[in-house]
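Engineer: Have a look at this one before I ask anything.
The values are calculated or read from the model by the stated rules, or taken from the named source; none is laboratory data. Because the structure is a prediction, the values reported are computed rather than measured. Every residue, glycine as well, gets a Cβ built from its backbone with ideal geometry; the counts of neighbours run over all protein chains shown. Just the protein is used for accessible areas: all its heavy atoms, side chains included, with ligands, DNA and RNA removed. Shrake-Rupley method; radii C 1.70, N 1.55, O 1.52, S 1.80 Å.
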Amino acid sequence: PVVHWIADYRARVHERPVLAQTEPGDIKARMPAAPPDDPEAFDAFLPVLRSFSDAPHLVGPIGAGSIAKLVHNCSGYILQTALAETFTLGVKAGVDPEALWEAVRMGALGRRRTFDTLSRNFLPGRFDPPDFALELARKDVALAVELAREYDVPMRLANLTLMEMIDRRVRTGIL
């Protein structure tokens, strides 16, 4: 199953080399400083774009699409890493991988579309009240981190999340 593959990948990720294909600043150096004075209309290229994309979208001026692609791909890999981390914890703690997947998939997180919260809260700038009480969320993350220590599962993203939650508590005076 996929969960075993993820657990195996996480166990050996340090053996896999990461080879950069560009030097820092290469991409920015290749981008024009400003869009052309008379850009061709996006609509003129829609037939070509639709030949390989089911949802072509004009993001903004020249370069904005490349930035959106990087944000998209990076977000996807971060989400994959987070799920690999947490599912590894569940499997190492003794939960059957398929039962774990089903439980998470049918829970509130698994049934919610990833970007629904983003569009409801972050885009309009609504941060208060939080969707889930910060103290309850912090408790759950702290318990997961503690369980990970018991099973010797590295949880870098979970630890980072916990540190952010604690920092938020200190800044808002909740602590």
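Engineer: Return the only residue of Ala44, Ala34 being more than 30 Å from Thr81 (Cα to Cα), open to solvent by less than 90 Å² (accessible area, probe 1.4 Å) and modelled with pLDDT of 75 or more.
Structural biologist: Ala44
Engineer: Out of the range 89-102, which residues are among the β-branched types (Val, Ile, Thr) and either outside any loop (DSSP other than H, G, I, E, B) or modelled with pLDDT under 95 (or both)?
Structural biologist: Listed by number, the list holds a single entry, Val91.
Engineer: If the Cβ limit is 7 Å and pairs must be 6+ apart or interchain, which residue in the range 78-101 that is within 10 Å of Val153 (Cα to Cα) pairs with which residue that is open to solvent by 80 Å² or more (accessible area, probe 1.4 Å) and outside any helix (DSSP H, G or I)?
Structural biologist: Leu89/Tyr151; Lys92/Tyr151; Ala93/Tyr151
Engineer: Given the conditions (1) surrounded by 10 or more Cβ atoms within 10 Å (Cβ to Cβ); (2) at pLDDT 95 or above, and given that Arg105 satisfies all but one, which numbered condition is not satisfied?
Structural biologist: All conditions pass for Arg105, except number (2).
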